[in-house]
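For reference, the structure discussed in these notes is given below.
Laboratory data are not the source of any read-out in this text; all were calculated from the coordinates shown. Note that the structure is a prediction, hence the values are computed from the model and not measured. Here Cβ is always computed from backbone atoms with ideal geometry, including for glycine, and neighbour counts include all displayed protein chains.
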Amino acid sequence: MSDLIEDPNPAGNAPEFTVSELSGAVKRVVEGEFGRVRVRGEVGRVSFPRSGHVYFDLKDDRSVLAAVSWKGQAARLSIRPEEGMEVIATGRMTTFPGQSKYQLIVDDLVPAGAGALMAMLEKLRQKLAAEGLFAAERKRPLPYLPKVIGVVTSPSGAVIRDILRRLRDRFPRHVLIWPVAVQGDRCAPEVAAAIRGFNAIEPGGPVPRPDVLIVARGGGSMEDLWGFNDEAVVRAAAESRIPLISAVGHETDTTLIDHAADRRAPTPTAAAEIAVPVRLDLLAAAEGLGARLNRAAGQGILSRNQRLRDLARALPRPETLVGTASQRLDLWAGRLPAALGAATGRKRAAFNTAAAHIRPRMLQSVIERGRERLAYRAARLAPDTLARDVTRKSEALQALTRRLTIAANAQTETWRTRLDGLDRMRMTLGYHETLKRGFAVVYGDGHVVTSKAAAEAASALEIEFHDGRLTPGGPAPRPAPRKPKEEPPEQGSLF
């Protein structure tokens, strides 16, 4: 019977734990048992707080696992988690005692399989295409013969050696190399920074500004080329003011930078061929053009010489052109002495005839008349004569001034009288004067009423007298003192 009696202390010798001790024990068990793990699942709820950390859930059809990527780890993730994306997360398991839950601290996140990669790539491609980053009108033409070529690639790979070798074979140019990582977490930010760095070089500075850019990388898997699908790289390529050639992967590989670039090359070697022409071909073409120019110039000179000879044969002989004129000159030269002698004789005879008519007495009479006119005009210039003339002219001017003043005053007075008459007529014909004679003006709804129909149609009437307006319905005016009845004034005329 004693065995059936319930023990008041059922725990017996079991140790007691505090909450923190038990949480720490669970944390050590979870971290020691699992350590570093890789988990495949679908991304659920995603949170990006201002602290820079990334919180998200990994789930399948039965369970949910909380995951967190700290600020430094989130910056190195190859992809940004989005809800609905299937990923493979790598990290270590731990617990969060503050909420009694376990979680995965993620330091690496990759898409789960090519299908997920292609779906994410297609989604990003459609987004950038909708913004117009792949539009054909944004693409710039490549320079025919650039002076400086900028290459964005790995400095230690075979790609840069292939590009330099091909440029040296075709047309040696000055090449600037911006070393970058062509795969991994550092690929996308370094490639975007290199493209923007080349565009930031000022023309005429210590470092020459490239005329064309080549972004190159050898072939590889989709994961290896994933950095060239990054949104930052695509935007940098679309914003580049320097024409850009994309040469990422082999001919069958396609990345988003190929759509944003001004020209796509199937291989890095083909990019070098696109960037510069063949120097020997240019020399041969220049020599051919020079030969054609020489032949054309020689043929032109020959044809013009032949044309000149043909025109010369059509011209008359010089002796024929000047013979008639020379004969006419000889004729006039022979007639000139006789004509001069005859003209001189006629002029001498005319002079003798005129001299015979001139007599000394006639000349004396002409001289006397001239002397008299001169004495008369000299007498008029005497001081007393001039003073009399000035006095006479001054008196005449004063008389004219007085007449002008009288005429002006009379005209002004006439205009003033006429203006006063017109003003009196204006006051007489004005409607205010008419109102003083007993008339009134009726307004209906703000307009003058001139008929009974208009008065009946108006909602309110207003009557204007010479001393103000009266609105019907207002306060009744104070009755004026009664005066003796008088006859109403005679109705005046408006005119």
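Amide hydrogen proximity for ALA261: with H placed 1.01 Å from N in the peptide plane, no residue at 5 or more positions away or on another chain lies under 5 Å. In summary, the lysines within cross-link reach of LYS147, defined as a Cα separation below 29 angstrom excluding same-chain residues under 8 places away, comprise LYS139. Only DSSP H runs of four or more residues enter the estimate; each adds -39500 (n - 2.57), and after division by the residues of the chain the mean residue ellipticity at 222 nm equals -16500 deg cm²/dmol.
Projecting the Cα atoms of ALA354, VAL234, LEU65 onto the dipole axis of the chain, where Lys and Arg carry +1 and Asp and Glu carry -1 at the beta carbon, places ALA354 farthest toward the positive end. Residues GLU16, GLU231, GLU372, ranked from the fewest to the most other C-beta atoms within 10 Å, line up as GLU16, GLU372, GLU231. The modelled label-to-label distance between SER459 and GLU287, using points 7 Å beyond Cα along the C-beta direction, is 10.2 nm. Summing Cβ point charges (Lys, Arg +1; Asp, Glu -1) relative to the Cα centre of the chain gives a dipole of roughly 6600 debye. Which angle between 0 and 90 degrees, to the nearest 10, do you get for helix 383-429 versus the longest principal axis of the chain when only C-alpha atoms count? Roughly 60 degrees between the two axes. Judged by the gyration tensor of its Cα atoms, with axes a ≥ b ≥ c, region 69-226 is prolate; a/c meets the 1.5 cut and a/b is the larger of a/b and b/c.
Judged by the mean number of other Cβ atoms found within 10 Å, the most tightly packed of the peptides 325-331, 272-278, 21-27 leads the ranking 272-278, 21-27, 325-331. Using the Cβ-Cβ distance between ARG317 and HIS357 with R0 set to 56 Å, the FRET efficiency works out to roughly 0.40. Measuring spread by the Cα atoms of region 19-112 yields a radius of gyration and Dmax of 13.2, 39 Å.
Between the alpha-carbon centers of region 373-444 and region 210-279, tell me the distance in whole angstrom. So the separation of the two Cα centres works out to 98 Å.
Counting only alpha carbon atoms, the long axis of helix 114-130 and the longest principal axis of the chain meet at about 10°. Model label points for SER51 and ARG388, set 7 angstrom from Cα along the Cα-to-Cβ axis, are 13.1 nm apart. Within the straight-line cut-off of under 24 Å between alpha carbons, the lysines reachable from LYS71 are LYS27, LYS59, LYS101, sequence neighbours fewer than 8 places apart in one chain being disregarded. Counting neighbouring Cβ atoms within 10 Å and putting the fewest first, the residues THR434, THR344, THR153 line up as THR344, THR434, THR153. Against the empirical curve 2.2 N^0.38 Å, the C-alpha radius of gyration of region 208-358 lands at a ratio of 3.01. A simple spin-label model places pseudo-atoms 7 Å from Cα toward Cβ; at ARG418 and LEU124 they are separated by 9.7 nm.
For region 276-375, the fraction of C-alpha pairs farther apart than 23 angstrom is 73 percent.
Of the residues ALA379, ALA271, ASN13, the one whose Cα sits farthest toward the positive end of the charge dipole of the chain, with +1 on the Cβ of Lys and Arg and -1 on the Cβ of Asp and Glu, is ALA379.
DSSP beta bridges confined to the chain are antiparallel in about 65 percent of cases.
Helix 360-380 and the longest principal axis of the Cα set of the chain meet at an angle near 60°.
In sequence order, region 66-78 has phi-based couplings of 6, 9, 9, 10, 5, 3, x, 6, 5, 5, 9, 5, 6 Hz under the Karplus curve 6.51 cos²θ - 1.76 cosθ + 1.60, θ = phi - 60°, and Gly or Pro positions carry x.
Qualifying trypsin sites (Lys or Arg not before Pro) in region 88-168, where qualification requires a DSSP coil assignment and no more than 14 other C-beta atoms within 10 Å, comprise LYS147.
Taking the Cα centre of region 19-112 as origin and assigning +1 to Lys and Arg Cβ atoms and -1 to Asp and Glu Cβ atoms, the resulting dipole is close to 280 debye.
Across the chain, counting alpha-carbon atoms alone, Rg and Dmax equal 59.5, 203 Å. Coupling constants for region 458-464 follow from the phi torsions by the Karplus curve (6.51 cos²θ - 1.76 cosθ + 1.60, θ = phi - 60°), and in residue order they are 6, 7, 8, 10, 9, 10, 10 Hz; glycine and proline get x. Using bins of 10 Å that start at zero, the share of Cα-Cα pairs per bin across region 360-419 amounts to 18, 19, 18, 16, 12, 9, 5, 2, in whole %.
Between HIS432, VAL390, GLY300, the Cα set farthest toward the positive side of the dipole of the chain (charges on each charged residue's Cβ, about the Cα centre) is that of VAL390.
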